[in-house]
Amino acid sequence: MSKKAEKATLTTAMIEEQTAAFLKSGGSVEYVGKGKSGQFSSPGLKQVNQTVR
């Protein structure tokens, strides 16, 4: 039988530890309102041209 790869389990304590380290290193967290994206939108739409061969 083959072994299944084990997935890493992320615990609350690990998340809190990583967050504390991030903030201590100078990182910051911004509040994003409900229904809004935290990503910046591009100035214009990009047209994708596909060639079919």
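Worth pointing out:
- From phi via Karplus (6.51, -1.76, 1.60), per-residue ³J(HN,Hα) for region 21-36 in Hz, x at Gly/Pro: 5, 4, 5, 5, 7, x, x, 9, 10, 10, 7, 10, x, 4, x, 10
- Highest-first arrangement of 15-21, 28-34, where packing means the average Cβ count within 10 Å: 15-21, 28-34
Readers should treat all values here as calculations from the given coordinates under stated rules, not as data from a laboratory. For clarity, every value in this text was computed on a predicted model and none was experimentally measured. Glycine also receives a Cβ, built like all others from the backbone with ideal geometry; neighbour counts cover every protein chain displayed.
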